[in-house]
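The values are calculated or read from the model by the stated rules, or taken from the named source; none is laboratory data. It should be emphasised that the depicted structure is a prediction, and the values quoted were computed from it without experimental measurement. Here Cβ is always computed from backbone atoms with ideal geometry, including for glycine, and neighbour counts include all displayed protein chains.
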Amino acid sequence: ARKFTDKHEWISVENGIGTVGISNFAQEALGDVVYCSLPEIGTKLSKHDEFGALESVKAASELYSPLSGEVTEINAALADNPGLVNKSCYQDGWLIKMTVENPAE
Amino acid sequence: MVLQSSLKNCLHLSCILRTPKAGFRSTTSGGLIIQSVSNDVYQNLAVEDWIHDHMNLENRQVLFLWRNSPAVVIGRHQNPWQECNLRLMRQKNIKLARRRSGGGTVYHDLGNINLTFFTTRKKYERMENLKLIVKALKALRPQLDVHVTDRYDILLDRQYKISGTAAKLGRATAYHHCTLLCNADKFVLSSVLKSPYKGLKSNATPSVPASVRNLFEEDPSLTCEMLLDAIAEEYATQHQIDHRITLINPADETVFPGISKKTKELQTWEWVYGKTPKFSVSTCFNMVYKDSVLDVKVDMDVKHGRIEDCNIDLPEQWLPPALCSELVKSLTGSRFSPDETSTLAATLLRVCPHDDELHSRWNLLCENMVTLM
């Protein structure tokens, strides 16, 4: 199931690993993404922590962690193709994967 | 005419700058115009951070006016080696700052004015702000041919860029800031914004170079003060607020609690250089030694501003191979910085026998390595 924050990030949890991305509303509002700044694997995040930023033609926009956990994977495809966030925000444009420390969150 | 408030207004300001708690009523509604008394780029960028993090902009918008002594300011995701002449900047004592908003690289000096429009995220509207500036300029000098492009630049005479824009969107607040060239040193500007570094490959956001012009060149009667006043006047009119500009001191912790921590962070090597997106350097240079010319090939991967991987291709036996591999080992993991490289080169040399020939060859190589940084 995909859950949304009020900041328009989504998280989809499977087997204890959550995949995080931004919503269609958010990617539309941002405009063409030109750069994705993502954290290192192993970074520990608390809910609401800033974990990176997206730079678009509109502005630099911070990304906030929807849950607490540890970053297990980042989407390497975004380095050369940041536009994936706009084109496929729910599939190929995912941002990070993280462990879910507190399922209640 | 816009009146400049004295510094004793700052006490009043400290009340309205803090996030209102339950029951607090702001004495100013609608908007606020503030101007920094400091010309330090780090202090002024820290003010932006502070307002962004601490002020509640639900019922109030803020215009922040500031000027800096000579500095190059790069965007959040840019590569300073790609964007500017760091060597020249060090020689001329021109500071390098990385801002938190996106966008490209600009040169600031006292002939350039900076304007920051703070709003809630919802009310973020760059075009509106830039049109306000153009309106103010035309009210001041009706004959000026200035207009806003769809890239959010302001052009003079349809060809010269006089203003560039960048922005940051936060959780609840946003800011849009822009420059405005009044009387900046164009000679210094063009020389520091030209990068001498070759062979860089990176996916950092690049700048879009443009021909620039100062408003002063168009109309020598214009000064920075006049432009600031005209823009403040227009902002005050449009937001229906007091025309007074409140002076603020970015070093005052009582007005901006926690600001010196932000100022310090903006000056750290980790922020300015370390935030550079991963890049690689693949270049060669010629060294003239006595009667021969030597080709040297250097390949390096730089991540977080540190050399991750390093390869130096030298003519065989020109230097002891063991020493060369020591150099490569020392460079790996160290900062991509002239100071750090010179220091580690000198350290390595100290454990070598005092051989004049060796020393001059070593110094020649290391001097050349340093010019890449």
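If you go through the stretch B:233-284 one residue at a time, how many are small (Gly, Ala, Ser) and closer than 23 Å to B:Leu63 by Cβ? I'd like the intermediate steps shown before the answer.
The initial filter retains those residues of the stretch B:233-284 that are small (Gly, Ala, Ser), namely B:236, B:251, B:258, B:260, B:274, B:280, B:282.
In the following step, the residues that additionally are closer than 23 Å to B:Leu63 by Cβ were identified as B:236, B:251, B:258.
Residues in the stretch B:233-284 being small (Gly, Ala, Ser) and closer than 23 Å to B:Leu63 by Cβ: 3 in total.
Report yes if B:Lys194 is modelled with pLDDT of 95 or more, assigned by the TED database to the domain that holds B:Arg60 and assigned to a loop (DSSP other than H, G, I, E, B), otherwise no.
Working: modelled with pLDDT of 95 or more: yes; assigned by the TED database to the domain that holds B:Arg60: yes; assigned to a loop (DSSP other than H, G, I, E, B): yes.
In short, yes.
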Selection from the stretch B:209-236 of residues that are of a type in the set (A, V, I, L, M) and not in a helix (DSSP H, G or I): B:Ala210, B:Val212, B:Leu222
Search result, residues across the stretch B:101-128 that are assigned to a loop (DSSP other than H, G, I, E, B) and of a type in the set (D, E, K, R): B:Asp109, B:Arg121, B:Lys122, B:Lys123, B:Glu125
Residues of the stretch B:161-198 classified as within 14 Å of another protein chain (Cβ to nearest Cβ) and among the charged types (D, E, K, R), total: 2
Check on B:Lys201, more than 22 Å from B:Lys131 (Cα to Cα), among the charged types (D, E, K, R), within 14 Å of chain A (Cβ to nearest Cβ) and in contact (Cβ under 8 Å) with a residue 24 or more places away in the chain: yes
Within the stretch B:132-179, tally of residues that are part of a helix (DSSP H, G or I) and buried (at least 16 other Cβ atoms within 10 Å of the Cβ): 8
Search result, residues across the stretch B:178-223 that are more than 19 Å from B:His108 (Cβ to Cβ) and among the aromatic types (Phe, Trp, Tyr): B:Tyr197
Selected residue [over 27 Å from B:Lys278 (Cα atoms), small (Gly, Ala, Ser) and not assigned by the TED database to the domain that holds B:Val298] from B:Ala167, B:Ala204, B:Ala184: B:Ala184
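Yes/no per residue for (1) surrounded by fewer than 16 Cβ atoms within 10 Å (Cβ to Cβ); (2) touching a strand residue (DSSP E or B) at 6+ places or on another chain (Cβ under 6 Å); (3) among the small types (Gly, Ala, Ser):
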{"residue": "B:Lys261", "(1), (2), (3)": "yes, no, no"}
{"residue": "B:Glu265", "(1), (2), (3)": "yes, no, no"}
{"residue": "B:Val281", "(1), (2), (3)": "no, yes, no"}
{"residue": "B:Val302", "(1), (2), (3)": "no, yes, no"}
{"residue": "B:Asp309", "(1), (2), (3)": "yes, yes, no"}
{"residue": "B:Lys329", "(1), (2), (3)": "yes, no, no"}
{"residue": "B:Leu344", "(1), (2), (3)": "no, no, no"}
{"residue": "B:Leu348", "(1), (2), (3)": "no, no, no"}
Of all residues in the stretch B:197-208 being small (Gly, Ala, Ser) and assigned to a loop (DSSP other than H, G, I, E, B), the one that is surrounded by the fewest Cβ atoms within 10 Å (Cβ to Cβ): B:Gly199
Residues within the stretch A:60-86 that are surrounded by fewer than 16 Cβ atoms within 10 Å (Cβ to Cβ), in contact with a Lys or Arg (Cβ under 7 Å, 6 or more places away or on another chain) and either within 11 Å of another protein chain (Cβ to nearest Cβ) or of a type in the set (A, V, I, L, M) (or both), tallied: 0
Residues of the stretch A:2-12 that turn out to be buried (at least 17 other Cβ atoms within 10 Å of the Cβ) and more than 14 Å from chain B (Cβ to nearest Cβ), as a count: 2
Single unsatisfied condition, B:Arg158 versus (1) away from chain A (no Cβ under 13 Å); (2) without any contact (Cβ under 8 Å) to a residue 12 or more places away in the chain: (2)
Where a residue in the stretch B:35-55 is not assigned by the TED database to the domain that holds B:Leu65 and its partner, wherever it lies, is at pLDDT 95 or above and not in a helix (DSSP H, G or I), with Cβ under 8 Å and at least six apart: none
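Listed here are the residues, each with its yes/no results for (1) within 11 Å of chain B (Cβ to nearest Cβ); (2) under 24 Å from B:Ala166 (Cα atoms); (3) of a type in the set (Ser, Thr, Tyr).
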| site | (1), (2), (3) |
| --- | --- |
| A:Asn24 | no, yes, no |
| A:Gln27 | no, yes, no |
| A:Val33 | yes, yes, no |
| A:Ser37 | yes, yes, yes |
| A:Gly42 | no, no, no |
| A:Ala53 | yes, yes, no |
| A:Lys58 | yes, yes, no |
Every residue from the stretch B:41-75 that is buried (at least 20 other Cβ atoms within 10 Å of the Cβ), of a type in the set (D, E, K, R) and in contact with a strand residue (DSSP E or B) (Cβ under 9 Å, 6 or more places away or on another chain): B:Glu48, B:Arg60, B:Arg67
Residue ranges of strands (runs of 3 or more DSSP E) in the stretch B:58-100 with at least 3 members out of contact with any Lys or Arg (no Cβ under 8 Å at 6 or more places or on another chain) and more than 14 Å from chain A (Cβ to nearest Cβ): B:60-66, B:95-98
